[in-house]
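Notes follow once the structure below has been shown.
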Amino acid sequence: MPPKYHIETSQAPNRFQKITRSGIIAWEEGCLKCARCVKKDCVYQVYEKRNLDDRQMLDSLDSVCMDCFRCVQNCPNRLIHKGLNPSYKVLGDHYWTPEIISGLWFQAESGRIPVSGAGYGGPFSGPGFDAMWTDMSEIVRPTRDGIHGREYISTTVDIGRKVMSLEFGPDGEIISPAPPLVEIPLPVIFDILPWSPPGDRIPLSLLYGARALGTFAIIRQSAINNAVREFLPNAIIYVDGNPGGLNTQLLRSARIIEIPDGEGAIALQERLRSMNPDLVVMIRMKLSPKTPEQALTLVAQGAEVLHLVADEYGLEEGKDPLFIKERLKEVHLYLVNKGIRDQITLLGGGGIAMAEHMAKLIICGADAISIDIPLLAAMECRVCRRCKEGISCPVELDDVDPVWGSLRIVNLMAAWHSQLLEILGAMGIREARRLRGEMGRAMFFEDLEREIFATMGKRG
Amino acid sequence: MTGFHFPEIKNAPSRFRNALGKYRITITRACTNCGLCVEICPYGVYQVGSKRPKASCEHLCLGPSCSKNDFYCAERCPEKAIHIRLNPSFEVLGDRRWPAELLAGTWHMAETGAIPHQGLNYKTGDSGGGFDKIRFILPKENGNDKPVTDGDISTAIELNRSGDSRPKVTIPVPLYLGGMSFGSVSIVTMLSRARAAVALGTFCCTGEGGYPEELMDYDDNVITQVATGLFGVREDTIKRVRIVEFKYAQGAKPGLGGHLLGDKVTPRVAQMREAVAGSALFSPFPFHSVYSVEDHKKHVDWIKEINRKALVSVKVSTPTDVDMVAVGSYYAGAHIVQLDGSYGGTGAAPDIAKKNIAMPIEYALPKVHKFLLAEGIRDKITIIASGGIRSAYDMAKIIAMGADGVCLGTADLVALECIRCHHCESGRGCARGIATTDDELTDLMELEWGTQRIINMYSAWRAQLVNILKRLGMRSVAELVGRFDVLAHMDYIRQEEIEGELD
Ligand code: SF4
Ligand code: SF4
Ligand code: SF4
Ligand code: SF4
């Protein structure tokens, strides 16, 4: 058994004042100067702890309040109120919601998984990933002990082509060629960011984080320079330019390279492979209704890893786009039907915003996932997309210290790893590899609604 | 059930100086303290003050919708000194499952024992699915030739339907109060619930933290819990009660064991659980001795042997094969199977588990009911629904979807003025003194008050259930079980299919 994968976390405080859901409004006018002001009774000592951030001229009062409402309810002159914070409501957009973004901040700061009391407070279900639930096991199947330490739940997955059968020589030695396979201890790789402020500091943070975690960050061929060279063992170079321009030295030492889908993809894969037989080549494909067919063709031609990418919202290309989880299910099942699913690795990415999305996409057929925006959010990005327009970043990410940035990313991934263990532990599954495609251990909104509710109100 | 007298309702206003209401009333300096508003408001919103009246019960105010009444104070005030508008803090309250109106409506029932008159939605939340999309189809009023009167309607249910030789246990309301351990809630909270259970003729479960001595006066109304951690489980505690509950899993953290943070493990808690103060307590998951229905039966037999009169309840969560789990519980000899849906729960749990693992109760319960019907054993076992039942309407709906009754937790805490801040586990625990073991915070609540608030709320629930049954022309809550035909899901029913009105 390999050593247990453990991610070291450490508190990595925010650089900027957090944007919280609600704030406190306390009027001075009309104050009765009570012998004991309710502000002194705050269990969390919010009023004592408040301070002013001079960089942003913001009062920290709101971000420490825990919403118990006691001061609001006890001030005799009703001078204290709570109000929704308008800057919270406008964080992100319909998909990258304020709840998701602030949840990512919390995990990146602390490395802890979000835990709360008093049940679940969100919507019944929703589109995309919110339209499915995962299974649990009432009795003993390999247990949850893995989470607390006695047993081992592995989150390791492999990237590369798998051999379907072995051939043996006359003396019992294996003679079938073993294609290269790269193991990652967490089923996550870091994708190219859809947008970000300029400079080396952000990619360096990603690469640094990938190295600490033992995974990989995809980086464009055109972005390779001296600053990132040190991290190349944890980089997946994306050949977006002329492959001839790739430095042979670099090619020989690379473990994984990504190439775009298209006409000469397989030929390019073979060419790269001939220069470095240990290289795993990933083909990056935009997810579309044609993906299942294309995937089948590529596998038949010898593709080993397909990286299927949707947009920032998890949507494929084309009119009436399908959500990534839906299309991935279809690709997975199609390849299963054709009997070739196990030969290749499928990576899915685009719209993965929470740890549960990772687990759910794997259940829907991905071997591993790629993430992008959460990496920025780990570093306090507000998903305002001002950088995309060339406007200055409100949290000055172009100036981020890669050491701090990578700590935040490592913290976030540690929290995601723990949450994946929660899901696996509850299901009684001991290996992330075995979670892949386990749709029978999930429950889907459409099926349940049809089964349970559609007959309501009908006689007989 | 004969001879049972429902407890008296007594007013139990907020423990805090200002109850939280939907509207905010301000009286400007123009006020001459004529006292008219104090006199005309039938809801007692105002109190006489020295300089001007005080809107000390503004949470009882009808808000601007009162303008149609001739007692509308803002209109009648000769100086036009009264301003009524939305309370800005109200917007911050609650969440999609328990929106501010449902919280305030529940507080109102706990205070007065009556349904809210302020126009608050106290029936559903805003979660966009499940209960919140389901309505009763009630025949138009007076459609009945044989009107049923309230007194004729029974809300009692029988918990032992097995036909074995153990005692019958009938409760006059189709509900009991679920396990919340000492440690996760304060002793005052725990005792308030137990005493309310006594008054309502029903039960309250200990949760997994042991059996505090203070509960011993209420033995006949206590369900003792045996959970995976076996904290505080003793032969003696199993022998003294009428129902023993096996907790296999719980909805709030399906597939995960209980978890009490070290801060909450005070010397008292530690003593009761036979553990060390200050160190976090994990219950393992699942029962490590149960690999099959046969193993499960051994557990049930063990309890039945120790206490030859007790009924056995099995609490499970809602996995894909929840129907098989329920059948297994029946064959293992359980009298009650409690299905705990994934959206409820009170204790701390990882958000990822609460939201994603296992099914909401609205799916699981009908699945199990229909499966047991098909197996021909539905009338031999009592099905209790829990995990996400927030209101009398949720209770009535889940019964129409196949439950015999419900088990509650969160609603009780809301009656005690839980504000659903979700911070029960931070620092010293609940700042409102409900889910805490901190002495000073525990003192924020009095036992009499807590007991009465819970009694009041469930009395209001019962009245609503009686009203629904009456409008359906039913004489007993047992008639409502599994009546999917009186329900409609707003997304799937067409207007022309509805005969009657939706509620
Ligand atoms: S409780 Fe209210 S009125 Fe009294 S001193 Fe504090 S802010 Fe002023
Ligand atoms: S609402 Fe509660 S936590 Fe917030 S400042 Fe007031 S007393 Fe403190
Ligand atoms: S905070 Fe805004 S500007 Fe800064 S990286 Fe994020 S999206 Fe870009
Ligand atoms: S901490 Fe908040 S959610 Fe928990 S019991 Fe207290 S008021 Fe309710």
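Tabulated data for the structure shown
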{"read-out": "Folded to 0 to 90 degrees: helix B:447-471 orientation relative to chain B principal axis, Cα", "value": "90"}
{"read-out": "For chain B, calculated [θ]222 nm from helices alone, where every DSSP H run of n ≥ 4 adds -39500 (n - 2.57)", "value": "-8000 deg cm²/dmol"}
{"read-out": "HN-Hα J in Hz across the range A:354-364 - Karplus 6.51, -1.76, 1.60, θ = phi - 60°, x for Gly and Pro", "value": "9, 4, 5, 5, 4, 4, 6, 5, 5, 4, 7"}
{"read-out": "Bins of 5 Å, starting at 0 and running to the largest distance - Cα pair percent for the range A:157-449", "value": "1, 5, 12, 15, 18, 17, 14, 9, 5, 2, 1, 0, 0, 0"}
{"read-out": "Highest average packing first - A:103-116, B:356-369, A:27-40, B:102-115, Cβ atoms within 10 Å", "value": "B:356-369, B:102-115, A:103-116, A:27-40"}
{"read-out": "Shielding score for A:69-76, defined as the mean number of other chain Cβ atoms within 10 Å", "value": "6"}
{"read-out": "Residues in the range A:247-290 reached by a label modelled at A:Ile174 [backbone nitrogen below 15 Å; 7 Å Cα→Cβ]", "value": "none"}
{"read-out": "Computed [θ] at 222 nm, helices only, for chain A once each DSSP H run of length n ≥ 4 contributes -39500 (n - 2.57)", "value": "-9000 deg cm²/dmol"}
{"read-out": "For the range B:324-329, 3J(HN,Hα) per residue [Karplus equation, 6.51 cos²θ - 1.76 cosθ + 1.60, θ = phi - 60°, Hz, x = Gly/Pro]", "value": "5, 4, 5, 4, x, 5"}
{"read-out": "Distant-in-sequence amide H partners of A:Glu258 (H built 1.01 Å from N, under 5 Å)", "value": "A:Ile237, A:Tyr238, A:Val239, A:Met282"}
{"read-out": "Angle between chain B longest axis and helix B:187-200 axis [Cα atoms, degrees, rounded to 10]", "value": "90"}
{"read-out": "Distant-in-sequence amide H partners of B:Phe246 (H built 1.01 Å from N, under 5 Å)", "value": "B:Val226, B:Ser313, B:Val314, B:Lys315"}
{"read-out": "Exercise: per-residue mean of other protein chain Cβ atoms within 10 Å, B:424-431", "value": "4"}
{"read-out": "Count of Lys pairs (Cα-Cα under 22 Å; at least 8 positions apart or interchain) in the range A:157-449", "value": "17"}
{"read-out": "Cβ neighbours within 10 Å from other chains - mean over B:488-495", "value": "4"}
{"read-out": "Angle between chain A longest axis and helix A:265-275 axis [Cα atoms, degrees, rounded to 10]", "value": "80"}
{"read-out": "The range A:175-282: GluC sites (Glu not before Pro) falling in loop per DSSP and having at most 10 other Cβ within 10 Å", "value": "A:Glu263"}
{"read-out": "For the range B:151-488, with +1 on Lys and Arg beta carbons and -1 on Asp and Glu, the positive-most of B:Ser181, B:Leu408, B:Ala431 along the dipole", "value": "B:Leu408"}
{"read-out": "Shape of the range B:23-86, Cα gyration tensor, a/c cut at 1.5", "value": "rounded"}
{"read-out": "Antiparallel content of DSSP bridges confined to the protein assembly as shown, in %, to 5", "value": "35"}
{"read-out": "Per-residue HN-Hα couplings for the range A:7-22 [Karplus 6.51, -1.76, 1.60; θ = phi - 60°; Hz; x = Gly/Pro]", "value": "9, 6, 10, 7, 3, 10, x, 4, 8, 10, 4, 5, 9, 9, 5, 9"}
{"read-out": "For A:Val115, distant residues with modelled amide H under 5 Å away", "value": "B:Asp351"}
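Throughout, read-outs are computed from the coordinates displayed, never taken from laboratory work. Bear in mind the structure is a predicted one, so any value in this text is a computation, not a measurement. In this analysis, Cβ positions are derived from the backbone assuming ideal geometry, glycine residues included, and neighbour counts consider all displayed protein chains.
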